[in-house]
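Novice: Below: one structure in structure tokens.
What follows draws every value from the coordinates through simple rules; no lab data is involved. Here the structure is a predicted model, which means the values were calculated and not measured. Here the Cβ is made from the backbone with ideal geometry for all residues, glycine too, and neighbour counts use every protein chain on show.
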Amino acid sequence: MTVGLKPLIEHTLDQVRTWARINSPWAIHFNTGSCNGCDIEILATLTPRYDVERLGVRLQGSPRHADILVCTGPVTRQARERLIRTYEQMPEPKFVLAVGSCAASGGAFRGCYNVCGQIDEVIPVDVYVLGCPPRPEAIIHGMVTLLNKVSAGKAQAG
């Protein structure tokens, strides 16, 4: 009797974890070398006008408490190791949201002597939000897209 009950309990716990992950994702922001245009738009999504917290998204200060890594800018040589270290410090499952054209392709900084490339050349990216800088509505749409992928089980999860 208890042998058949164990898979049911594990399945139920997985469902509860997924529900909690979708309804209260915690994000950490990492600037890999952008011009700060995307950073300003990310902060605008936290203001009462756009209020991304209504989706349960909370900005965290520590990667050890975050579910989502929000990256902006092209990866510079100086930020590469810090980005990898921050990503590795996040608990599983972890997800990455690349915000801005620079994060997706290197943007205006592509080919510069100090730029290693875009975010997905260093860590896996789940959702891209394009724009230079993207509007707060686009960032919120990217977050919702990521949460939908998590709920459908389509995100990379680490």
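Novice: Set Lys and Arg Cβ to +1 and Asp and Glu Cβ to -1, take the dipole of the stretch 1-72 about its Cα centre, and tell me which of Tyr50, Ala27, Thr12 lies farthest positive.
Specialist: Of the candidates, Thr12 comes out farthest on the positive side.
Novice: Next up: Hey, can you grab everything whose amide H is under 5 Å from the amide H of Cys116? Only 5+ residues off in sequence or another chain; H modelled, so Pro and N-termini drop out.
Specialist: Val75, Thr76, Arg77
Novice: Starting from the Cα gyration tensor of the stretch 32-111, take the square roots of the eigenvalues, sort them a ≥ b ≥ c, and report rounded, prolate or oblate (rounded when a/c is under 1.5, otherwise prolate if a/b is larger than b/c, else oblate).
Specialist: In terms of gyration-tensor shape, oblate.
Novice: Quick one: grab the alpha carbon gyration tensor of the stretch 72-130, order the square roots of its eigenvalues as a ≥ b ≥ c, and give me rounded if a/c is under 1.5, else prolate or oblate depending on whether a/b is larger than b/c.
Specialist: oblate
Novice: Most exposed first by the Cβ proxy, i.e. fewest other Cβ within 10 Å, how do Phe30, Phe95 rank?
Specialist: Fewest to most other Cβ atoms nearby, the residues stand as Phe30, Phe95.
Novice: Express the relative contact order of the chain as a whole percentage, based on alpha carbon pairs under 8 Å and six or more residues apart in sequence.
Specialist: Working: 279 pairs, mean separation 38.2, N = 158.
Worked out over the chain, it gives 24 percent.
Novice: For a paramagnetic label modelled at 7 Å from the Cα of Asn36 toward its Cβ, which residues of the stretch 124-154 fall within the zone defined by backbone nitrogen distances under 16 Å?
Specialist: What the label zone holds, given the 16 Å backbone N cut-off, is 133.
Novice: Which residues does a label at Arg85 reach in the stretch 43-73, if reach means a backbone N under 16 Å from a point 7 Å past the Cα toward the Cβ?
Specialist: Those under the cut-off are 62-64.
Novice: I would also like to ask the following. Rounded to the nearest 500, what is the 222 nm mean residue ellipticity of the chain from helices alone, with -39500 (n - 2.57) per DSSP H run of 4+ residues and division by all residues?
Specialist: Per the formula, -13500 deg cm²/dmol.
Novice: Only bridges whose two residues both fall in the stretch 2-152 count here: according to DSSP, what percent of them are antiparallel, nearest 5? It would help to have the intermediate numbers written out before the result.
Specialist: Numbers: 2 of 17 bridges.
Percent antiparallel among DSSP bridges in the stretch 2-152 is about 10.
Novice: Kindly write out, for the stretch 99-109 in residue order, the coupling ³J(HN,Hα) from the Karplus curve 6.51 cos²θ - 1.76 cosθ + 1.60 (θ = phi - 60°), rounded to whole Hz, with x marking Gly and Pro.
Specialist: 10, x, 5, 5, 5, 7, 9, x, x, 5, 9
Novice: Measuring from centroid to centroid over Cα atoms, what is the spacing of the stretch 16-38 and the stretch 91-135 in Å?
Specialist: 14
Novice: Subtracting the Cα-Cα distance from 0.36 nm times the residue separation, let me have the gained length for Ser151 to His65 in nm, one decimal.
Specialist: 29.0 nm
Novice: I've got another one for you. Among Cys102, Cys71, Cys35, Cys112, rank each residue by its count of other Cβ atoms within 10 Å, from fewest to most, as a rough exposure measure.
Specialist: Exposure proxy ranking, most exposed first: Cys112, Cys35, Cys102, Cys71.
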